[in-house]
Amino acid sequence: MRPANTPIRALALAVLVAGLSACRPAGDAASEAHAAATTAVPPTDTAPTDTAPSTDSAPAPAGKPTHPRLVVDTLDHGRFDLAEHRGGWAVVNFWATWCAPCLKEIPDLNALDARRADLVVIGLAYEEITPEAMRAFYVDKVRPEYPVSIIDPFAPPADFDTPRGLPFTVLIDPQGAVVHQFLGPVTGAEIEAKISALKAASMPA
């Protein structure tokens with residue numbers, strides 16, 4: 001992970017951290033302190049906490065590969081290679097420890113990952129935080145049971161759209177193609193409903 005000790009990087013962090021309020025409960029001192037301690041970096045256009053999930057279909061990120069690659073080292077589950085999960089659905093969830101709606105999603109995503117053998121969830125922690133700080137954060141919070149990788153917000157995965165807000169969730173079909181993107185909170189039931197709709201749409205008339 002690149003050091004955050006250059007003047008330019010420090011200035012960028014200061015500007016980006018100023019936008020955190022849209023993804024944390026107002027007046028939550030603990031969240032404010034945690035965000036400052038972890039130098040969490042939000043997207044430049046953060047979605048409001050009460051924004052409903054997008055229902056606009058996104059067959060593929062604009063200007064990005066139709067079948068994105070993603071190979072990352074995870075916190076507790078070894079290396080994750082998206083290509084190894086072809087044949088099943090994949091849910092790529094961008095989140096951060098300072099984002100209250102992101103944390104609210106975790107139990108639902110845990111349940112979704114556990115109940116479906118044809119689906120895998122991968123969490124991408126989109127912030128500057130050390131593995132040690134992430135594990136310490138898990139102690140007092142509901143932790144993801146699915147693999148989680150810490151992603152440098154200054155170098156997000158090249159094959160995916162850069163999140164305009166958090167949480168940001170990308171649904172990938174069994175062929176490895178991006179078939180939908182959710183900007184804002186999403187539930188396991190909504191993801192499953194989208195999968196069912198996509199399956200129905202692909203059935204011959």
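Read-outs throughout are calculated quantities, based only on the coordinates presented, and are distinct from any laboratory measurement. Please read all numbers here as calculations on a predicted model, not as lab measurements. FYI the Cβ positions are ideal-geometry reconstructions off the backbone, even for glycines, and counts take in every protein chain you see.
Side notes on the structure shown:
- Model label sites at V139 and A155, defined 7 Å from Cα along the beta-carbon direction, differ in position by 3.0 nm.
- Translational diffusion coefficient (Stokes-Einstein; Kirkwood radius from C-alpha pairs) of segment 80-205 at 25 °C, 0.890 mPa s, in µm²/s: 163 µm²/s
- Listed peptides 166-179, 89-102 by packing density, highest first (mean Cβ within 10 Å): 89-102, 166-179
- Rough spin-label spacing in nm, given labels placed 7 Å along Cα→Cβ, for D81 and S196: 3.5 nm
- Residue by residue, segment 105-118 carries 3J(HN,Hα) couplings of 6, 4, x, 5, 5, 4, 5, 4, 5, 6, 8, 10, 6, 9 Hz when phi is fed to the Karplus relation 6.51 cos²θ - 1.76 cosθ + 1.60 (θ = phi - 60°); x denotes Gly or Pro.
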